[in-house]
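Here the structure comes first, spelled out in structure tokens, and everything after it is commentary.
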Amino acid sequence: MRGNGLAIVLSVVSCLVCWLAAPSAVAQAPTAYPSQPITAIVPFPAGGPTDVIMRLLAEPMGKALGQHIVVENVAGAGGTLGSKRGAKSAPDGYTILVGNMGTHGAAPALYPKLEYDPSKDFEPIGMAAGTAIVIEARKNFPAHSLKEFVAHLKAHASEVNEAHAGVGSISYVACLMLHAQLGIKPTRVAYRGTAAALNDLVSGQVDYMCDQILNGIAQVKAGNIQAYAIASAQRSAALPNVPTTKEAGLPKFEVSAWNALFAPKGTPKEVIAKLNAALSLALDDAQTRQRLLDLGCNIPDQASRTPERLRRFVTEEVQRWTPLLKADGVVGN
Ligand code: ASP
């Protein structure tokens, strides 16, 4: 009896010790991430390609993480304003950013005072989607093939208007390359994003644009705008009747875009790993995948989805675009 009594007293005391120790142990343990909604900064307006990609991924990623992903559109200056906001956000995993070939590849060459460094100010999460570039024109533009379009541009460069999403955006960079190749300087009309640019293309207020495939695809299919060529090596299964630039007679004009997720520099590795895993699950989600494919997006394979791969890729992209854009006759077109 005595022995039992001692055992009870000891176990009560040890439980009391546990109980007293517990609160501080709990306080020291990191809160399981994510414990609150995550904001995804889209550096372009709603309804455009960057926004559509993020909104498609937000739901399955949020499901995988057990938290909502709330999209915040922070548009302006070709996506560089929102990207700066992303770079300067708290590195706690609760703010992420969609960056792309423009904001994280071409922008350093076009903005001498860019307030973020695509390679140094972010922790890459992973590649999200590739987007081919399609040369599109208003429905009644007087050209019905890429050859006629090029001929028209060369003959009437001072009279035509091209729409883009701001200096440094994908559409801006793609048409900049096109104009440099053709040796022309048409009027360039800046929008905050290609969603609004597309509206004006459909209503005929601007003449053409170098658009990411998912933006204009529905309007091309509906016959509301013309698509002359896709600037990639292969045709897209989503727009099979649109020839490649090579097939259509402009073989040197090949350019394509990419879209990826980033977190601010200093975001913990474990957090990046969770976000990367959620992104990968989202890309493998049958419905999300089908939706992206229907819009003409390319889905990165497993090996291309890692943060390390994206880190190397961003550095390569900045190194690739800087001389291309600074070459004589490119910037200024
Ligand atoms: N990504 C931009 C948008 O979502 C378009 C562009 O970069 O050209 O509007």
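The values are calculated or read from the model by the stated rules, or taken from the named source; none is laboratory data. Nothing here was measured: the structure is a model prediction, and the numbers come from that model. In this analysis, Cβ positions are derived from the backbone assuming ideal geometry, glycine residues included, and neighbour counts consider all displayed protein chains.
Just name the residue that is farthest from GLN219 (Cα to Cα) out of those in the range 299-312 that are surrounded by 20 or more Cβ atoms within 10 Å (Cβ to Cβ) and touching a Phe, Trp or Tyr at 6+ places or on another chain (Cβ under 9 Å).
Keep residues of the range 299-312 that are surrounded by 20 or more Cβ atoms within 10 Å (Cβ to Cβ), which gives 300, 305, 307, 310.
So of that shortlist, the ones also touching a Phe, Trp or Tyr at 6+ places or on another chain (Cβ under 9 Å) come out as 300, 310.
Working: PRO300: 26, LEU310: 32 Å.
Of everything passing the filter in the range 299-312, LEU310 is farthest from GLN219 (Cα to Cα).
Within the range 289-309, can one find any residue that is outside the structural domain of HIS179 (by TED's automatic domain parsing), under 21 Å from LEU65 (Cα atoms) and of a type in the set (A, V, I, L, M)? Looking through the range 289-309, at least one residue is outside the structural domain of HIS179 (by TED's automatic domain parsing), under 21 Å from LEU65 (Cα atoms) and of a type in the set (A, V, I, L, M). Does GLU270 fit the bill of being in a loop (DSSP other than H, G, I, E, B), among the charged types (D, E, K, R) and touching a residue at least 12 places away in the same chain (Cβ under 8 Å)? Judged against the criteria, GLU270 is not a match. Within the range 156-192, restricting attention to residues that are of a type in the set (A, V, I, L, M, F, W, C), within 12 Å of the ligand (Cβ to nearest atom) and part of a strand (DSSP E or B), the residue that is nearest to HIS104 (Cα to Cα) is ALA190.
When ALA128 is tested against the conditions (1) at pLDDT 95 or above; (2) more than 16 Å from the ligand (Cβ to nearest atom), the lone failure is (2). Within the range 235-257, does at least one residue satisfy the condition of being aliphatic (A, V, I, L, M), under 22 Å from GLY102 (Cα atoms) and buried (at least 16 other Cβ atoms within 10 Å of the Cβ)? Within the range 235-257, one or more residues are aliphatic (A, V, I, L, M), under 22 Å from GLY102 (Cα atoms) and buried (at least 16 other Cβ atoms within 10 Å of the Cβ).
Scanning the range 242-295 for residues that are within 25 Å of SER171 (Cβ to Cβ) and among the hydroxyl-bearing types (Ser, Thr, Tyr) yields a total of 4.
Looking across the range 278-332, the residues that are among the polar types (S, T, N, Q) and more than 30 Å from ASN241 (Cα to Cα) come down to SER280, THR306, THR315, GLN319, THR322.
Quick one: would you say LEU114 is in a loop (DSSP other than H, G, I, E, B), surrounded by fewer than 20 Cβ atoms within 10 Å (Cβ to Cβ) and within 16 Å of the ligand (Cβ to nearest atom)? Judged against the criteria, LEU114 is a match.
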